[in-house]
1. Among helices (runs of 4 or more DSSP H) lying entirely in region 95-209, which contain 3 or more residues that are modelled with pLDDT of 85 or more and buried (at least 17 other Cβ atoms within 10 Å of the Cβ)?
2. Answer yes if at least one residue in region 167-182 is farther than 29 Å from residue 11 by Cβ and charged (D, E, K, R), and no otherwise.
3. Among the candidates 36, 44, single out the residue that is in contact with a Pro (Cβ under 9 Å, 6 or more places away or on another chain) and closer than 26 Å to residue 241 by Cα.
4. Going residue by residue through region 7-19, is there one that turns out to be charged (D, E, K, R), assigned to a strand (DSSP E or B), modelled with pLDDT of 95 or more and more than 16 Å from the ligand (Cβ to nearest atom)?
5. Looking at (1) among the acidic types (Asp, Glu); (2) away from the ligand (no atom under 16 Å from the Cβ); (3) at negative phi, which is the one condition that is false for residue 66?
6. Any residue in region 136-144 that is away from the ligand (no atom under 16 Å from the Cβ) and closer than 18 Å to residue 52 by Cβ?
7. Restricting to region 204-239, name every residue that is more than 18 Å from residue 182 (Cβ to Cβ), out of contact with any strand residue (DSSP E or B) (no Cβ under 7 Å at 6 or more places or on another chain), touching a residue at least 12 places away in the same chain (Cβ under 8 Å) and away from the ligand (no atom under 16 Å from the Cβ).
8. Of the residues that make up region 65-72, is at least one modelled with pLDDT under 90, more than 15 Å from the chain's Cα centre (by Cα) and under 30 Å from residue 151 (Cβ atoms)?
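The values are calculated or read from the model by the stated rules, or taken from the named source; none is laboratory data. Treat the numbers as computed from the prediction; the structure is a model and nothing was measured. Every residue, glycine as well, gets a Cβ built from its backbone with ideal geometry; the counts of neighbours run over all protein chains shown.
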Amino acid sequence: PETDLLLNAKDLCKSFGGIRAVDRAAIQVARGSITGLIGPNGAGKTTLFNLLSSFIYPDAGEICFDGMPIQTLSPYRIAQAGLVRTFQVARVLSRLSVLENMLLGAQNQTGENIVRALFRSGQVRVEERHNRERAMSILESVGLAAKAHDYAGALSGGQRKLLELARALMPQPRLILLDEPAAGVNPTLIGQICEHIVEWNREGISFLVIEHNMDVIMSLCDRIWVLAEGRNLANGSPAEIQRNPKVLTAYLGE
Ligand code: ATP
């Protein structure tokens, strides 16, 4: 039933000049699930994430989050409603501390919005004790507490991805869109990141994950949606997707 869907988007279209990056695509995330979004390079996955999080607006289509249409809301309002995202290349602010990055997350700011907010306010509001405690407890759980006062720029690429993931938890989201959480991350840290995702999922957070690492996708996800050339190619359980001939052809044809 519709009410089991935390995210339900359909007929989404987005063109850039002559390129139809997303072409009447649909995506659904069941409440409590870890859903995967896969497809060959250029399939439109990141564009779909940009649409779902209002970083760009669709030419057509509908996006419902928890039954509410959100396609005209700003990224800030969407984050407030409980939907946050991460980026393919982690967007942490290098010249702020790890803790300050976390506190920006608490203000429901994501990506470019963080930078805009910084310029507007002239400084980061670091005084809220409650947020500070919450931030430290999340940093503790991901093993970054000892680095709380280091510059985020001093972290390794993998640790930045971990920080971005940790920051996404700050506004207490119900759905997190993860754009390639394993890309450029060493195997040990990939394992840890996956464990955190599973643990937070058990605590009630749903995930939609773009990932090229098939081991990660197949082991994490309950359901997988496949995009190719901006269109829905298939969706199903990991086992169904792995043996779907259309999916195999789309990847081999790359
Ligand atoms: P990858 O797996 O390589 O990250 P993807 O599935 O995320 O790819 P998108 O990045 O969404 O794919 O790109 C889909 C198509 O839209 C590509 O042809 C890309 O070149 C094009 N595209 C995306 N963003 C823009 C933009 N801002 N301007 C012009 N073309 C764009």
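1. 98-106, 129-141, 157-169, 187-202
2. Among the residues of region 167-182, at least one is farther than 29 Å from residue 11 by Cβ and charged (D, E, K, R), which makes the answer yes.
3. 36
4. Yes, region 7-19 contains a residue that is charged (D, E, K, R), assigned to a strand (DSSP E or B), modelled with pLDDT of 95 or more and more than 16 Å from the ligand (Cβ to nearest atom).
5. (3)
6. no
7. 204
8. First, the residues of region 65-72 that are modelled with pLDDT under 90: 71-72.
Going one step further and asking which of them are more than 15 Å from the chain's Cα centre (by Cα), we end up with 71-72.
Okay, now just the ones that are also under 30 Å from residue 151 (Cβ atoms), so none.
Within region 65-72, none of the residues are modelled with pLDDT under 90, more than 15 Å from the chain's Cα centre (by Cα) and under 30 Å from residue 151 (Cβ atoms).
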